[in-house]
Amino acid sequence: MALRATDILTQTSDGLYCPPGGFHIDPFRPVERALVTHGHADHARSGHTHVMATKQTLQIMALRYGEEFAHSTQEAVLGETTRIGDVDVRFAPAGHVLGSAQIVIETGGTRLVVSGDYKRAADPTCLPFEVVPCDVFITEATFGLPVFRHPDTRDEVRKLIASIALFPDRAHLVGAYALGKAQRMMALLREEGYERPIYLHGAMEKLTAFYRDQGLAIGETIKVAASDRAALKGEIIICPPSAMQDIWSRKFPDPVACFASGWMRVRARARQKGVELPLVVSDHADWDDLLRTIRETGAGEIWVTHGEADALVHWCGTNGIAARPLHMLGYGDEGDEAA
Ligand SMILES: [Zn+2]
Ligand SMILES: [Zn+2]
């Protein structure tokens, strides 16, 4: 007898659990066996006994938590199918950050795809999202409202370069999350021909070095030393969003506060955070790309993990697709745009 989708993947207080496979996906608490979609802290937590993830996600977890982040690890090779318990599992690129993957679970002719976080926009720092046809597509909805339509990132990066030309005496402080967004901004700047060294907050260093080791074109970066700050007129400094408001940011020459985030689409949010130059650059799908992706998977059923689930569930209903919100509150806490 064929299993129902809800028998293959059930919601528990630790997150999504696959009973026939005996594993959790991106669990909130330490578990016996975790399959992890990507390295952001709300999805990749430490303390699991066994972790399966892409090589890059395992490396990112080791950088963040130390080599002993799990008792044992298993590398998931993209596109390769692995039998776990009574299910077949395969990882497919999610286009979110370096190493990010969707997890495809198949058994008895039913296929579910847990997409983790994902985007469809081009990103020079990771593999593009792969559409995997499935019966049940499990999606995030961080930007699941029609108001969220992300612009072309190239235009946003050109705004930053134009601002430096306009204000050569001011430092440009760019708030960006330490994993993914910061390195994507560096790569996008290089694509637009920006060749000057890019200055980094110390919190960005390890992950940026990792991206460089992976062969990504992020160019020259220099860690900001306390003594140099006053000399950084007309330079770009990338720092975690939390550093924008603290004393760390005060010693730069007349800084222009910039913030690279999908949330910058909301002007009130930019104003409230004191952002002078909002840069709408997101690592999550916007409204149009959420809808496009749902259609392209051909899924008859959609489960929405987190974010603006209501509008997306409603849209599915009016388009003849069964959908339900999972209200998974453990995601979007940290390190990610939903913070
Ligand atoms: Zn993420
Ligand atoms: Zn997330």
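The values are calculated or read from the model by the stated rules, or taken from the named source; none is laboratory data. Treat the numbers as computed from the prediction; the structure is a model and nothing was measured. So basically every Cβ, Gly included, is an ideal-geometry build from the backbone, and we count neighbours across all protein chains shown. Note: accessible area is taken over every heavy atom of the protein model, side chains too, but ligands, DNA and RNA are not part of it. Shrake-Rupley method; radii C 1.70, N 1.55, O 1.52, S 1.80 Å.
Give the residues of the stretch 121-161 that are more than 16 Å from ligand 2 (Cβ to nearest atom) and touching a Ser or Thr at 6+ places or on another chain (Cβ under 8 Å), sorted by residue number.
Once the filter is applied, which keeps residues that are more than 16 Å from ligand 2 (Cβ to nearest atom) and touching a Ser or Thr at 6+ places or on another chain (Cβ under 8 Å), the stretch 121-161 yields 121, 122, 131, 132, 133, 134, 135, 136, 137, 150.
Determine which member of the set 45, 64 is open to solvent by 10 Å² or more (accessible area, probe 1.4 Å), within 16 Å of ligand 1 (Cβ to nearest atom) and part of a helix (DSSP H, G or I).
Only one candidate passes the filter, namely 64.
Inspect the stretch 154-175 for any residue being farther than 18 Å from residue 101 by Cα, modelled with pLDDT of 95 or more, touching a helix residue (DSSP H, G or I) at 6+ places or on another chain (Cβ under 6 Å) and part of a loop (DSSP other than H, G, I, E, B) and give the result as yes or no.
No, there is no match, as no residue in the stretch 154-175 is farther than 18 Å from residue 101 by Cα, modelled with pLDDT of 95 or more, touching a helix residue (DSSP H, G or I) at 6+ places or on another chain (Cβ under 6 Å) and part of a loop (DSSP other than H, G, I, E, B).
Just to be sure I understand the filter: pairs with C-beta atoms under 8 Å, separated by 6 or more residues or on different chains, first member in the stretch 317-333 and farther than 16 Å from residue 290 by Cβ, second member within 16 Å of ligand 2 (Cβ to nearest atom) and acidic (Asp, Glu). Which pairs pass?
330/42; 333/42
Results for (1) of a type in the set (S, T, N, Q); (2) buried (at least 24 other Cβ atoms within 10 Å of the Cβ); (3) within 16 Å of ligand 1 (Cβ to nearest atom); (4) within 19 Å of residue 282 (Cα to Cα), shown as yes or no for each residue.
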site: 105; (1), (2), (3), (4): no, yes, no, no
site: 121; (1), (2), (3), (4): no, no, yes, yes
site: 126; (1), (2), (3), (4): no, yes, yes, yes
site: 133; (1), (2), (3), (4): no, no, no, no
site: 137; (1), (2), (3), (4): no, yes, no, no
site: 149; (1), (2), (3), (4): no, no, no, yes
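Which condition from (1) within 30 Å of residue 7 (Cβ to Cβ); (2) open to solvent by 10 Å² or more (accessible area, probe 1.4 Å); (3) assigned to a loop (DSSP other than H, G, I, E, B) is the one that residue 95 breaks?
Only one criterion is unmet by residue 95, namely (2).
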